[in-house]
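Read through the structure below, which is laid out as structure tokens, and then see the notes.
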4 protein chains.
Amino acid sequence: MKQSPRVLGRPRHDDKAKPTKELVLDTATRLFIKDGYKNVSMDDVAKGCNVTKATIYYYYPTKGELYTSALIEMMKRIRLHIIGILEQPTSFKERLEQLVEIHLSATMDIDMKNFMREASINLSDSQLKEVHASENEMYRTIEQAMQTEMDKGTIRTGNAQFFAHTFMALMSVGYFKDGEGNRLFQTEANAAKEIIDFFWLSVKNFS
Amino acid sequence: MKQSPRVLGRPRHDDKAKPTKELVLDTATRLFIKDGYKNVSMDDVAKGCNVTKATIYYYYPTKGELYTSALIEMMKRIRLHIIGILEQPTSFKERLEQLVEIHLSATMDIDMKNFMREASINLSDSQLKEVHASENEMYRTIEQAMQTEMDKGTIRTGNAQFFAHTFMALMSVGYFKDGEGNRLFQTEANAAKEIIDFFWLSVKNFS
Amino acid sequence: MKQSPRVLGRPRHDDKAKPTKELVLDTATRLFIKDGYKNVSMDDVAKGCNVTKATIYYYYPTKGELYTSALIEMMKRIRLHIIGILEQPTSFKERLEQLVEIHLSATMDIDMKNFMREASINLSDSQLKEVHASENEMYRTIEQAMQTEMDKGTIRTGNAQFFAHTFMALMSVGYFKDGEGNRLFQTEANAAKEIIDFFWLSVKNFS
Amino acid sequence: MKQSPRVLGRPRHDDKAKPTKELVLDTATRLFIKDGYKNVSMDDVAKGCNVTKATIYYYYPTKGELYTSALIEMMKRIRLHIIGILEQPTSFKERLEQLVEIHLSATMDIDMKNFMREASINLSDSQLKEVHASENEMYRTIEQAMQTEMDKGTIRTGNAQFFAHTFMALMSVGYFKDGEGNRLFQTEANAAKEIIDFFWLSVKNFS
DNA sequence: TATGAATGAGTTTTCATTCAT
DNA sequence: AATGAATGAAAACTCATTCAT
């Protein structure tokens, strides 16, 4: 199949189009989430953007940098998303449920643990540090919400960081698929409800 | 320059030594757990076994087969291990705690979810099916224990499969390390206790 | 153009043929001497050997290693050559002249200085060290001959190392070609004679 | 032609700043001398000038042109330099010594032979011709000085071109560094003296 | 049973060059 | 006069796989 025959040099500027750098980052993020660091080649990213590999390198000097940027961007978005949902005026339990439901509804399994593993194997120390900082911020956001609710007495007193991690871990249960591709629950809403019910039994304040 | 001077022909069999096929599988398993499918080359496995790549291919026709076998073997071992611990005569809660502690004490983070992801990306359908069957068996073992305890009334009635998955998910919290390499808890015993206390609040029967 | 269609796997062994490793080294040496490190690609070497790039890498793990080996081999050969000529029973002056003539007759301009420069830019420290050691040995061989003749009184007392270097430097004059490709002298024999006459005026013992 | 109308008072333009074209040429020359043609990328030159690559191309249509210009400029400078020194009223031997000393004192090893080799590999025929012409002029300058001194009887009658080349070749001995970075002589002055003493023994007129 | 030698198709990365603005 | 954005071709290197011995 003939690709759109692009020309050398600077292209005429199209005001509507997303800036290439953003396009690259978004495409890369999507691919990395789907297939992982090693299964995505710079060529794949390029093809996904309809530009050449060299263009990718024009914006991101190495694959590691691209991955780093992709992870950071992703975590930033998730964090903002979490903040947005947690700010709503409904009960804490309801907000958590909504959080889970929305995440499960997103097409892709966002598996923090695995991203961090791939990062630790493939990135340089300084890149890894950046990614870790970003991850930390994300967890901290949930942690702070947990702390706030502890202070309010909504949930029992405990290790807020631990709660944040158990929350994320339980959320990942919702992504599970067996050999036939069946989920544990029929709908995302259902999954979210069961997961949060489970979580809530452990964290609620029943004094 | 001279390579390691191995001798031609069939080597005299050393009774103590593991049969080569096992050696290969064990080495591969260790490496795959540590670094993941794509980060381990057949050369790495060969080096790790002190044999040549061709020897690996003598026993396993493709890398995918080797990975398949490694995963299946690993899950089988874990399953037997789980059975062994769950058979003990102590209380269910104590047995779960022991299970977590022993797993966290193993040097490596055994992340089922990630193995399955790499499998789904890199294996053939039939290989993937085998691996899924093995995974399923492993989960089923925990599930059955949950069911047994539900029947006994130790834990509340609920979805045993869901409980099995939440259990595994919570266990993974114990592996978490932040940017500085710090764990959430000081010792594995401590982590196990906190994790199971949390789990228990959700599953115990307080009727 | 279709290349000779080579097959996968180990080729049937041809007793007459040079071992591939040697073939690679010889080809690489020839190309590096002619065009320099950066102007020779691993593909060029492969094509020159009628094998694939991967075969080159089978024997030499990096281009730097290949260059290192090539330089060392080349200097070793030159050194042995020098020794062979200097051992002959003719007068020192005659032997030097022969040395120059033979070197100029070799098709290629062997420019030590430039090889060392390329080495210093492109090789790792440890590789560079190896090459320097080899270079040193080569110069030392000439130096020792100078020293021997000083002791015999054939040439004047002086810095033997300096003499070795002036000798090599003067030899390089014989390679000079102007824009039209003309040499300074008509024949190699002529060039050698003039160069050594010049050298001799500076080093002869006229006490 | 309109003269640039000189403005009164302080011009907005920074008079001290070199015109960009010169800046590019000087930077390129420096880099090419240090690292050679292939080891210097147009990006390196651009970075060294603090302009973009496209700016380099605005002034020099290809890398080959830039190299050509750089070599010609360099040889021109050296030639003028040589002329300047040779014009002084001291003895010929003293002037040669000074020439060597000053060249050795310049930070970089100016290796004509190597520049010409890189030129012959990388430049187009017409570019190569230009460079050769420039090299020729440079050698001719030394040659003429040799001829003048022959005519005066300062040095013996001989092939002036050959003398010019032996002179340059011997000068290069002063640049030699062994594996530890040690020179043959302690100071440039010392090196210059030894080199010219050696040269002089061969060329002096002792009739 | 095990190996040494080789390949083909890919990977990341570099770089001279082009062109609209 | 100068730049930012892009390309195409090639470079170094990797790796799963093959096969005669």
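Which of the residues spanning the range D:168-195 are of a type in the set (A, V, I, L, M, F, W, C) and within 11 Å of another protein chain (Cβ to nearest Cβ)? Passing the criteria: D:168, D:169, D:170, D:171, D:173, D:176, D:184, D:185, D:191, D:195. Scan the range B:90-109 for residues that are exposed (fewer than 15 other Cβ atoms within 10 Å of the Cβ) and at pLDDT 95 or above and the total you get is 3.
Of all the numbered requirements in (1) away from DNA strand F (no atom under 16 Å from the Cβ); (2) within 14 Å of chain B (Cβ to nearest Cβ); (3) modelled with pLDDT of 95 or more; (4) surrounded by fewer than 18 Cβ atoms within 10 Å (Cβ to Cβ), residue A:68 misses one, and that requirement is (4). What residue, among those in the range B:105-117 that are farther than 16 Å from residue A:172 by Cα and touching a residue at least 40 places away in the same chain (Cβ under 8 Å), is farthest from the other protein chains (Cβ to nearest Cβ)? Ranking the qualifying residues of the range B:105-117, first place goes to B:105. The single condition among (1) closer than 25 Å to residue D:109 by Cα; (2) within 11 Å of DNA strand E (Cβ to nearest atom) that residue D:71 does not meet is (2).
How many residues are without any contact (Cβ under 8 Å) to a residue 24 or more places away in the chain and among the aliphatic types (A, V, I, L, M) when one looks only at the range C:164-193?
3
Between C:120, C:124, the distinction of being out of contact with any strand residue (DSSP E or B) (no Cβ under 6 Å at 6 or more places or on another chain), facing another protein chain (nearest Cβ under 10 Å) and closer than 23 Å to residue C:72 by Cα belongs to C:120 only.
Here is the figure for the range D:144-163: residues that are at the interface with another protein chain (Cβ under 10 Å from one of its Cβ atoms) and among the small types (Gly, Ala, Ser) total 1.
The number of residues in the range A:175-198 that are of a type in the set (D, E, K, R) and buried (at least 17 other Cβ atoms within 10 Å of the Cβ) comes to 2.
Scanning for something within 14 Å of DNA strand E (Cβ to nearest atom), more than 19 Å from residue C:124 (Cβ to Cβ), of a type in the set (A, V, I, L, M) and not assigned by TED's automatic domain parsing to the domain that holds residue C:135, does the range C:26-43 turn up at least one residue? No. Residue under question is residue D:149, and the condition is that it be surrounded by fewer than 21 Cβ atoms within 10 Å (Cβ to Cβ) and among the charged types (D, E, K, R); does it hold? Answer is no for this residue.
Name every residue in the range D:37-65 that is within 10 Å of DNA strand F (Cβ to nearest atom), basic (Lys, Arg) and buried (at least 17 other Cβ atoms within 10 Å of the Cβ), in order of residue number.
Listed by number, the list holds a single entry, D:38.
Could you check residue B:31 against (1) away from DNA strand F (no atom under 13 Å from the Cβ); (2) assigned to a helix (DSSP H, G or I) and say which number it fails? All conditions are met except number (1).
Tell me which residues, restricted to the range B:71-89, are part of a helix (DSSP H, G or I), away from DNA strand F (no atom under 16 Å from the Cβ) and either crowded, with 17+ Cβ neighbours inside 10 Å or free of Cβ contacts under 8 Å to residues at least 40 places away in the same chain (or both).
Selection gives B:72, B:74, B:75, B:77, B:78, B:79, B:80, B:81, B:82, B:84, B:85, B:86.
Of the residues making up the range B:13-20, none is surrounded by 14 or more Cβ atoms within 10 Å (Cβ to Cβ), within 14 Å of chain A (Cβ to nearest Cβ) and either away from DNA strand E (no atom under 13 Å from the Cβ) or in contact (Cβ under 8 Å) with a residue 12 or more places away in the chain (or both). Counting the residues of the range A:131-143 that are crowded, with 19+ Cβ neighbours inside 10 Å, more than 9 Å from chain B (Cβ to nearest Cβ) and charged (D, E, K, R) gives 1.
Filtering the range C:127-152 to residues that are touching a helix residue (DSSP H, G or I) at 6+ places or on another chain (Cβ under 8 Å), more than 18 Å from residue C:73 (Cβ to Cβ) and acidic (Asp, Glu) leaves C:143, C:149.
The values are calculated or read from the model by the stated rules, or taken from the named source; none is laboratory data. No experiment lies behind these values; they were computed from the predicted model shown. Glycine also receives a Cβ, built like all others from the backbone with ideal geometry; neighbour counts cover every protein chain displayed.
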